[in-house]
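Structure first, commentary second.
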Amino acid sequence: MWRFLIMKIIATDKTIKKIVIVEIERIENLIYLKAINVDEINLNHIDVTNVTNMNELFKDMTLSKPLNIEEWNFKNIINTIEMFNSSIEKTNPEMWRV
């Protein structure tokens, strides 16, 4: 059994899109390789406290598992235009901590 240490990643407006893409690809690859057995793609280790713009953040993404961003703190977010536009996976906004 593999063990992974997940460190908190602090995102900014400039880095959030790249961080999300890299982390989703990393988790999807581990799922594909059967290195992990998970029910969801958990991105709660990304600290979005300093992010104000999530415009098109998940746009056009196709995910193999539901997305978990339940612990993200959205209090500083100003722009979420098209955040999930054309995404197959839609995350329930009611689970967001706002």
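The values are calculated or read from the model by the stated rules, or taken from the named source; none is laboratory data. None of the values given here were measured: they were computed from a predicted structure. Here the Cβ is made from the backbone with ideal geometry for all residues, glycine too, and neighbour counts use every protein chain on show.
Structure values in brief
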{"quantity": "Residues within the stretch 44-64 that are modelled with pLDDT under 90 and either among the aromatic types (Phe, Trp, Tyr) or loosely packed, with under 15 Cβ neighbours inside 10 Å (or both), tallied", "calculated": "4"}
{"quantity": "Residue within the stretch 25-41 that is β-branched (Val, Ile, Thr) and part of a helix (DSSP H, G or I) present", "calculated": "yes"}
{"quantity": "Residue within the stretch 31-43 that is of a type in the set (Ser, Thr, Tyr) and either touching a helix residue (DSSP H, G or I) at 6+ places or on another chain (Cβ under 7 Å) or modelled with pLDDT under 95 (or both) present", "calculated": "yes"}
{"quantity": "Of all residues in the stretch 4-24 being of a type in the set (A, V, I, L, M), out of contact with any helix residue (DSSP H, G or I) (no Cβ under 9 Å at 6 or more places or on another chain) and part of a loop (DSSP other than H, G, I, E, B), the one that is farthest from Asn85 (Cα to Cα)", "calculated": "Leu5"}
